Each structure stands twice: as structure tokens, then as C-alpha cells.
Amino acid sequence: MIPDPFEIPPEPETDGGGLKLLLVDDEAAYLSVMEKRLLRRGIQATGATSGAEAVAILRSQDFDCAVVDLKMSDMDGIEVLKIFKKMVPAMPVIILTGHGSEKAAREGLVLGAADYLTKPCDLDELIPKVREAVSTAAEGYDAMTEKMRLLIVDDERDLVEMLGLRLAEAGHQVTGAHDGREGLEVLDYQPVDVVILDLNMPGKDGIEILKEIKRRHPLVEVVLLTGHASVDKAVSGMKLGAADFLEKPLDFSELKLKLKDARKKQLIRRFRPSPKAPGI
């Protein structure tokens, strides 16, 4: 039996870790085959046949990594790389190049590409490069969560003092406030990454303060503190933009994890392309 030259060969079962990949190449048939083969490896790939299409996709979706062909008809891979690094600086980009174009690929490395591969490249070569690039980017996120600028807003002065000391010992810059008005004043003159906000305070409650924080400082993340009886209120707070919540009495190890996750969310949103960004 004569083998079908267009049949996609079976792929070995490999866990791709649920990675999301943006593939940019002006050869539509190549993209179609790669998307299917990567999916069989557990990697969700989205194809774009031009730089302009890739930019439009990146404005509306998040990706773990992009793989960009160096030579395309509408704009070359170096130009696409430059735009991607402005739009989403933390997203790694791998360049695909033909033989004889290694000099341009090295230029891409200088401009921020994570790596480059020569076409045609095998998936067994591409996938490890993608995983390595994503892992390196994740380590960068982790490094940016080691020292956060935190604001604690709670009317329990002892809790603010104790929590502030422990978080400062962990390497964070911590400011305390004892009511919502004071917390909002701090945010107006001092940069803050994450606010730890008590939901139940006299005067203006935590939900109203949360709304005001999100209106005035949309990139600031908020972790809510609540008593057991106020869990429903905390869930409502998450619908209004809070990153997460914790019940009192606090588990300090759990709080540190929640703060780290909140900071990562902030970094992703900060680096995510705006849908109102100007066109190419």
C-alpha cells in the first residue's frame, strides 16, 4: 500500500502540560499540520498566517509562548518579535529560520527572543525549547513576587502590626492602614502591588473600599480577609475584582501563597496587550 504523503504521522503520547502556543508562519498548510501534531502532544496551538493576524490574536488571548517564522510576506519575524515584546514583554518568543539566516536569528536573540531553531524543525526539538522558555519566564515571574509592596487595611491594630512584621521579615515592603479612608490615601501617593483588605470594618465596609480601589487603581490586586460568617460577601468581592480571600484566623503560609498568586495575576494583566492598542 502506497503511503499517503499528506497523512499526519502518529505522535508519541507526551504531556505538553496544557501549554498555549501562538504559531506565526505564512504557510497555512504547515500551520495546520503543526497545530494538529502539537495538540496530540498536549499543546494547544493557535496559528496565524501573518504578523498582522498574530498581533490581532495576541490582543485578545493569552499565550505561554510564541513561535515565529523569520521570513514572511507581510512583515518579517524580527518586526513581529519587536511588536510582541512591546505588547507582552514576559511572553517568550522562539524564532524559526532557514539555513543561511542564522545572523538574523542572532539579531532576534539580542532583541529579546528566547531561542531560535532552523527549519524544518522536529517536534522533539521544538517542544523542549518551548518548555525551557516557558519555565525561564515563570522563574522571572517568581522572582518578581519575592519582594512585593503590600498594604494592609484592617481596623485590628494588633493584627496589622503583627502581620506587617512577619511580611517584612519575608522581604516585603509593608504599609499599614486602620480604615478604608486611610488605605485609599496611601494608594493615592504610594505604589502598591497587593492590598490585604478586611471586609468588616466600621464605617465604609470592605466591599465599598474594594470598589473604590478598583475604580482608582485598577492594576492593584486585592486579597480579602473575612470571618466565617462573611464568606458569601467575600465571594461577591471576587466578582467585583478581588484576587482571592482568606478566612480569619489567618494561616500565614496560605496568605503568602495567596499574595504570590495575586502578584502573578497583576503581572500578567500589566503585560497583557490592551484591546485599544493602536494598530500596526
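We did not get these values from a lab; they are worked out from the coordinates using the rules stated. All values reported here derive from a predicted model rather than from experimental measurement. Here Cβ is always computed from backbone atoms with ideal geometry, including for glycine, and neighbour counts include all displayed protein chains.
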query = Amide H to amide H, which residues 5 or more places from residue 67 or on other chains are under 5 Å from it, using H placed in the peptide plane?
reply = 22, 23, 24, 94
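Percentage of Cα-Cα pair distances in the stretch 33-187 greater than 21 Å, rounded to whole percent? Present the calculation step by step, with values, prior to reporting the outcome.
Numbers: 6814 of 11935 pairs.
Tail fraction, whole percent: 57.
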ask   = Using θ = phi - 60° and the Karplus form 6.51 cos²θ - 1.76 cosθ + 1.60, what ³J(HN,Hα) does each residue of the stretch 45-54 get, whole Hz, x for Gly and Pro?
value = 10, 10, x, 9, 8, 7, x, 4, 5, 4
remark   = Computed on Cα atoms only, the convex hull of the stretch 132-266 has an orientation-averaged projected area in nm² of 8.1 nm²
remark   = Applying the gyration tensor rule to the Cα atoms of the stretch 184-230 (axes a ≥ b ≥ c; rounded if a/c under 1.5, else prolate if a/b exceeds b/c, else oblate), the class is prolate
key: Low-density loop positions, trypsin sites (Lys or Arg not before Pro), the stretch 69-136 - DSSP coil, at most 15 other Cβ in 10 Å   = 71
note = Note to self, the chain gives a 222 nm [θ] from helices alone (DSSP H runs n ≥ 4, -39500 (n - 2.57) apiece, / all residues, nearest 500) of -14500 deg cm²/dmol
note = A student asked for the Cα radius of gyration and Dmax of the stretch 86-132 in angstrom ought to give 10.9, 30
task = Collect residues whose amide H, placed 1.01 Å from N in the peptide plane, falls under 5 Å from the amide H of residue 225; neighbours closer than 5 in sequence don't count.
result = 197, 198, 199, 246
ask   = Could you give the Stokes-Einstein D for the stretch 54-101 in µm² per second, using the C-alpha Kirkwood radius, 4 °C, 1.567 mPa s?
value = 116 µm²/s
key: For the chain, diffusion coefficient by Stokes-Einstein and Kirkwood Rh (Cα), 4 °C, 1.567 mPa s, µm²/s   = 61 µm²/s
